[in-house]
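Trainee: I have a structure here, written as structure tokens, and I will follow up with some questions on it.
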Amino acid sequence: MVGTSNAVDQAPSGMRLLVISAGVFFAYAVLGAATLTVGQFTGLASPVWPAAGIAFAAAYVWGWRVAPAILLGSVLANVSTLLRQELLTSEAFVVAVVIGLGAAAEGVLGGFLVKKAVSPHSPLVNARGIVSFLLLGGPVAAVVSASFATAAQVGSGIVSTDQALSLWITWWVGDSIGVVIFAPLTLMLIPSQLPNWRGRRLKVALPSLVGVCLFLVLFIYVDSQAKSDRDQTLEQLALTATSTLELEVARHQEALEGLSSFFESSDRVDVDEFRSYATASLARFPNLQALSWNPLLTQGELREFEDFQRGVQGISDYQVVQRDDDGELIPVTARDEYVPVGYIEPIVNNKAALGFDINSNATRKQAIDRVRSEGIASSTGPIDLVQESGEQKGMLALVPIRKSNGDFVSGAVEDQEIYGFAVGVYRLGDLLDDSFAESSWDRVDIRLFDVTDGAPSQEIAYRPAKVSATVDETTAQMNSEATGELEVYGRAWRVGIVPTSGALAAQDKGRSLGLAVVGLVGLTLLQAFVLLVTGLEGEARRRASRATREANTDPLVGLQNRRAFLRSLELVRERSTSQGESSVLMYIDLDAFKSVNDRGGHEAGDELLRLVAAALKKNVRDRDVVARLGGDEFAVVLNNCPFDQGIAIAENLVTAVRVVSVPGPQEPLSVGVSIGVVPIKPDDGLDIDELLRQADDASYAAKAQGGGVAVAGNTGTPL
């Protein structure tokens with residue numbers, strides 16, 4: 001098992017804690033905000049939440065002290081999203097704080113559980129450690145954050161009650177995947193954890209990221225398919241709404257045409273006959289506000305008609321009127337033609353319209369002119385009804401009444417084909433309410449727009465859903481309106497529907513949630529497999545390296561042993577021959593080492609050997625070879641080194657070894673040293689055995705002359 005530097009992982013404090021916290025805060029806030037920008041599934045939830053991996057990894061390494069940084073990072077990520085969606089209120093801010101508390105609690109709990117279950121510095125190389133790390137840090141700890149977030153958003157109304165389960169599952173899965181995939185990736189970047197990931201970073205990161213990307217692609221595809229299915233269902237619902245309204249208006253038109261035929265087939269229709277006929281028709285169509293008969297009069301017929309209405313029909317206060325500039329009813333002014341309301345039923349609630357000249361109003365006159373020019377039923381644009389006391393918009397539907405002879409009551413003026421109109425009076429809000437009274441429409445907002453060419457589109461009626469709206473505020477912009485268009489008495493209407501609750505309020509998330517859970521399981525298994533394989537591979541590699549090192553290293557002093565040194569010397573010999581390099585070989589024998597063992601014991605002797613090895617290693621270059629050949633004998637190879645420089649280094653080694661000492665019974669114990677030096681030349685023709693023999697002979701010569709440095713072939717005084 002690879003160890004780590006515990007000092008680095010000790011609970012941070014002071015400036016170090018501030019720097020670490022700033023890094024955790026920044027990483028969580030930026031990654032969290034970016035994730036929410038890319039996509040939300042329900043409320044503020046995402047199917048993958050990488051920031052959870054950062055929070056857990058930070059708490060696992062540095063403990064609970066980083067919790068404030070996690071809290072603030074989470075708050076900033078969510079507040080920035082709410083600001084972007086223009087949903088930030090004081091209540092929403094409180095929700096963001098609660099979510100941040102859940103995120104901090106999740107990270108700290110996950111770190112605590114994993115530390116209790118496995119080593120605080122686990123290298124994640126065995127099945128138990130890997131499973132504990134992934135499950136406790138991910139799915140187990142994520143329950144906390146998911147519960148905090150769901151309670152806060154549902155309680156505040158940001159997310160509807162019927163979306164609570166979807167939110168909880170999405171949040172739990174998103175945080176769990178965030179820990180499973182991104183916690184190991186975060187640990188790879190923390191200095192104290194680097195030894196655990198040496199040689200396996202790419203092998204873990206690449207399949208993990210590829211796996212989560214494939215999951216996201218599949219998730220987005222399934223979610224888009226669900227949205228497409230929902231949109232198709234909405235379009236079908238809009239067509240149904242359009243057909244419902246179209247059928248209702250068509251039935252009204254039949255009633256109006258029946259009223260027109262009634263007048264055309266009668267010599268005279270008095271007020272009682274009209275009341276009887278209209279009452280029967282209105283009983284069949286309760287969402288018609290009223291039916292009226294409006295004769296077409298010339299200026300010369302106006303006074304006679306008013307007298308007829310008062311005297312013969314018994315409408316004592318009848319008078320043809322119009323509105324002035326202030327909206328008050330006044331007697332009509334002189335005009336060529338008038339189209340007053342002659343009869344109207346039900347008279348109750350509509351009496352104010354009796355006698356009103358609809359030809360005096362421009363919008364109403366347009367419909368009259370269209371009926372006369374085209375000879376077909378037509379309607380006005382949205383108008384304010386004379387009898388309307390509220391704010392509803394109204395509409396008049398006009399069907400022509402034709403006569404070839406007669407007077408203004410029983411027939412038309414002789415040169416006119418149309419002498420009056422059967423009129424249907426609509427309150428458009430009531431039309432929507434009555435047309436969509438069935439419970440199947442209770443969860444749908446319905447709006448009606450007049451989109452007739454040549455006129456600006458305007459909303460003319462609104463029928464709100466009877467069941468309170470429960471669409472998530474944070475995803476309301478995705479709840480698009482479905483529309484359908486129809487023609488009503490020559491005008492174009494558009495019906496717009498927006499489901500506010502129930503199955504159609506948002507796309508069906510069942511398939512996406514199922515995929516999210518399956519994705520969590522699959523990604524967890526993938527990550528566990530990758531961690532286990534790379535961990536075992538790393539352990540095997542380290543064991544092999546350790547075995548090789550132990551086979552080639554002297555266990556007492558940590559230098560190369562005789563076997564490894566002979567291989568190194570062979571390589572130097574070959575390189576000298578092939579590349580023309582000159583090197584230097586030293587054979588080193590300690591003087592009076594036996595007395596150290598005798599006076600200080602073997603422990604003193606072993607310690608002295610370790611100190612001598614360290615002195616030799618310190619006084620040569622990193623590229624040079626230092627070895628212990630056995631007992632008190634050492635060897636050094638100075639790679640690519642001139643011989644005179646090698647002699648100087650040998651003299652330095654003599655000095656460095658002589659100053660080494662260990663405590664003795666009465667006084668410090670030390671040794672002398674004899675060094676035999678031999679050059680390794682490209683053209684000397686010597687093999688390694690001969691080189692070692694010459695160096696050994698030189699060291700004996702140096703020892704015989706009291707220690708120091710002797711050159712092979714030189715029997716004079718040691719240097």
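Trainee: Full extension from Lys466 to Met15: what is 0.36 nm times the residue separation minus their Cα-Cα distance, to one decimal in nm?
Mentor: 156.4 nm
Trainee: For the range 125-262, what size does the Cα cloud have along each of its three principal axes, sorted from largest down, in whole Å?
Mentor: That gives 98, 33, 24 Å along the principal axes, largest extent first.
Trainee: Taking the Cβ-Cβ separation of Thr240 and Gln458 as r and a Förster radius of 25 Å, what is the calculated FRET efficiency to the nearest 0.05?
Mentor: Here the calculated transfer efficiency is 0.55.
Trainee: Would you work out the Kirkwood radius for the range 50-156? I mean one over the mean of 1/r across all pairs of different Cα atoms, in Å.
Mentor: One over the average 1/r among Cα pairs gives 14.2 Å for the range 50-156.
Trainee: Where does the range 260-430 land on Rg(C-alpha)/(2.2 N^0.38 Å)?
Mentor: Ratio of Rg to 2.2 N^0.38 Å for the range 260-430: 0.95.
Trainee: Suppose R0 equals 35 Å. What FRET efficiency, 1/(1 + (r/R0)^6) with r the Cβ-Cβ distance, do Arg402 and Glu438 give to the nearest 0.05?
Mentor: 0.35
Trainee: Which one, (i) 49.1; (ii) 38.6; (iii) 40.9, gives mean projected area of the Cα convex hull in nm² as derived from the coordinates shown?
Mentor: For mean projected area of the Cα convex hull in nm², the calculated option is (i).
Trainee: Pairs of Cα atoms under 8 Å, at least six residues apart: use those to get the relative contact order of the range 260-430, whole percent.
Mentor: Over the range 260-430, the number comes to 26 percent.
Trainee: To continue, here is another question. Would you pull out the residues with amide H under 5 Å of Gln560's amide H, same chain only if 5 or more places away, H placed 1.01 Å from N?
Mentor: Amide H neighbours of Gln560, under 5 Å, 5+ apart: Asp554, Val626, Arg628.
Trainee: Also, quick follow-up: What ranking of Met15, Met188, Met395 emerges when the number of other C-beta atoms within 10 Å of each C-beta is taken as an exposure proxy, fewest first?
Mentor: Lowest count first: Met15, Met188, Met395.
Trainee: Contact order normalised by length for the chain, with contacts defined as Cα pairs under 8 Å and 6 or more residues apart; what percent is it?
Mentor: After rounding, I find 11 percent.
Trainee: With each pseudo-label sitting 7 Å past Cα toward Cβ, what's the Thr161-Lys618 distance in nm, one decimal?
Mentor: Distance between the two pseudo-spin positions: 7.9 nm.
Trainee: Label points 7 Å out from Cα along the Cβ direction at Ser90 and Arg65: separation in nm?
Mentor: Spacing of the two 7 Å Cα→Cβ label points: 3.7 nm.
Trainee: Roughly how many Å is it from the Cα centre of the range 163-178 to that of the range 278-305, as a whole number?
Mentor: 63
Trainee: Quick one: give the max-minus-min coordinate of the C-alpha atoms of the range 516-638 along each principal axis, largest first, in Å.
Mentor: On the principal axes, the range 516-638 reaches 75, 46, 22 Å in Cα extent.
Trainee: Sticking with this one: Can you tell me the length gained on complete extension of the stretch Ala704 to Val521, counting 0.36 nm per residue apart and subtracting the Cα distance?
Mentor: Computed gain between Ala704 and Val521 is 58.2 nm.
Trainee: Among bridges DSSP assigns within the chain, what percent are antiparallel (round to 5)?
Mentor: 90
Trainee: Something else now. State the percent of C-alpha pairs, over all pairs in the range 150-209, separated by a distance greater than 18 angstrom.
Mentor: Here the long-distance tail beyond 18 Å is 53 percent of all Cα pairs in the range 150-209.
Trainee: Fewest first, what order do Glu651, Glu246 take by the number of other Cβ atoms within 10 Å?
Mentor: Ordered from fewest to most neighbouring Cβ atoms within 10 Å, Glu651, Glu246 come out as Glu651, Glu246.
Trainee: Using the Cα atoms of the range 302-347, I'd like the radius of gyration and the largest Cα-Cα distance, Dmax, both in angstrom.
Mentor: In order Rg, Dmax, the Cα atoms of the range 302-347 give 11.5, 33 Å.
Trainee: So, one more: What ranking of Glu391, Glu485 emerges when the number of other C-beta atoms within 10 Å of each C-beta is taken as an exposure proxy, fewest first?
Mentor: Least to most surrounded, the residues fall as Glu391, Glu485.
Trainee: Volume per residue, Å³, of the convex hull around the alpha-carbon atoms of the range 270-349?
Mentor: With only Cα atoms used, the range 270-349 gives 109 Å³ per residue.
Trainee: Filter the chain for me: DSSP H helices, axial length by Cα at least 15 angstrom, mean Kyte-Doolittle hydropathy not below 0.5. List them by residue number.
Mentor: 14-38, 50-62, 67-84, 90-117, 141-156, 164-187, 643-658
Trainee: Would you tally the net charge around Val98, using a Cβ to Cβ cut-off of less than 14 Å, leaving Val98 out, and scoring K and R as +1, D and E as -1?
Mentor: It works out to a net charge of -2.
Trainee: Kindly provide the helix-only [θ] at 222 nm of the chain, computed as the sum of -39,500 (n - 2.57) over DSSP H runs of four or more divided by all residues, to the nearest 500 deg cm²/dmol?
Mentor: Calculated from helices alone, the mean residue ellipticity at 222 nm is -18000 deg cm²/dmol.
Trainee: Counting other Cβ atoms within 10 Å, which trypsin sites (Lys or Arg not before Pro) in the range 267-343 have at most 16 and lie in a DSSP loop?
Mentor: Arg268, Arg335
Trainee: Given the C-alpha atoms of the range 553-711, compute the convex hull and give its volume per residue in Å³.
Mentor: Residue-normalised Cα hull volume stands at 95 Å³.
Trainee: Express in nm, to one decimal, how much length is gained between Asp336 and Ala544 on full extension, taking 0.36 nm for each residue of separation and deducting their alpha carbon distance.
Mentor: 63.6 nm
Trainee: Highest mean first, what order results for 672-678, 381-387 on Cβ atoms within 10 Å?
Mentor: 672-678, 381-387
Read-outs: derived from the displayed coordinates by stated rules, not from any lab. All values derive from a computational prediction rather than experimental measurement. Positions of Cβ are generated from backbone atoms using ideal geometry, with glycine treated the same way; all protein chains shown enter the neighbour counts.
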